[in-house]
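Scroll down for the structure; my scribbles are underneath it.
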Amino acid sequence: AMLLDASDAFQNGSPASDEAARAITKTGMLLDAIAVCTDAASREFDIKMQKQLLRAASYGMHFEYKDGSNKKSIMGGKTRKSQSGATHPSPVAISFVEAAKKIRVLNALRDPSVGVAITVAQYDSIEPNGVIARLIAMKRPALATS
């Protein structure tokens, strides 16, 4: 809730947003707040609220990046190195991107012209292949391939 409030304050141009985000950072709960906002966005049906929650998570990732304690960080926290030495995004950044992709699919399915009101838990349960099979059974193969 604090991260969402800080993000809203930032959107409104309030200087208090910076202080609020730094307060979350000092508690050590910033990564958890980012994860909660990302998860809440994927569970939300209201597109406006989804955008607010994803915006808040993104705002939090900026503060995690700007935290000077870790020189080897990119958006969303500490990076990880593969055996080949390549740098990869943090797990928080990866989960943010995956949630955004899933939200895009869910919103396309929930569109009134498609009419598949599905929750994120149902989507995870039947997996993308199950969704594709259902769309083909509904005679919507164009949507299944997009």
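When segment 118-146 is limited to residues that are among the β-branched types (Val, Ile, Thr) and within 24 Å of LYS51 (Cα to Cα), the one that is most open to solvent (accessible area, probe 1.4 Å) turns out to be THR119.
Cβ contacts < 6 Å: first residue among the hydroxyl-bearing types (Ser, Thr, Tyr), restricted to segment 1-13; second residue at pLDDT 90 or above, any location; separation 6+ or different chain. Result? Hits for this filter: SER7/ARG55; SER7/ALA56; SER7/TYR59. For segment 76-85, the condition of being open to solvent by less than 90 Å² (accessible area, probe 1.4 Å), at pLDDT 95 or above and not in a helix (DSSP H, G or I) holds for none of the residues. Within segment 95-117, the residues that satisfy the criterion of being open to solvent by 60 Å² or more (accessible area, probe 1.4 Å) and within 9 Å of the chain's Cα centre (by Cα) are VAL97, GLU98, LYS101. For segment 41-56, a residue qualifies if it is of a type in the set (A, V, I, L, M) and buried (at least 21 other Cβ atoms within 10 Å of the Cβ), and the qualifying residues are ALA41, LEU53, LEU54, ALA56.
The values are calculated or read from the model by the stated rules, or taken from the named source; none is laboratory data. Keep in mind that this is a model prediction, so the values were computed, not measured. Cβ sites come from the backbone with ideal geometry, for glycine too, and all protein chains shown count toward neighbours. Note: accessible area is taken over every heavy atom of the protein model, side chains too, but ligands, DNA and RNA are not part of it. Shrake-Rupley method; radii C 1.70, N 1.55, O 1.52, S 1.80 Å.
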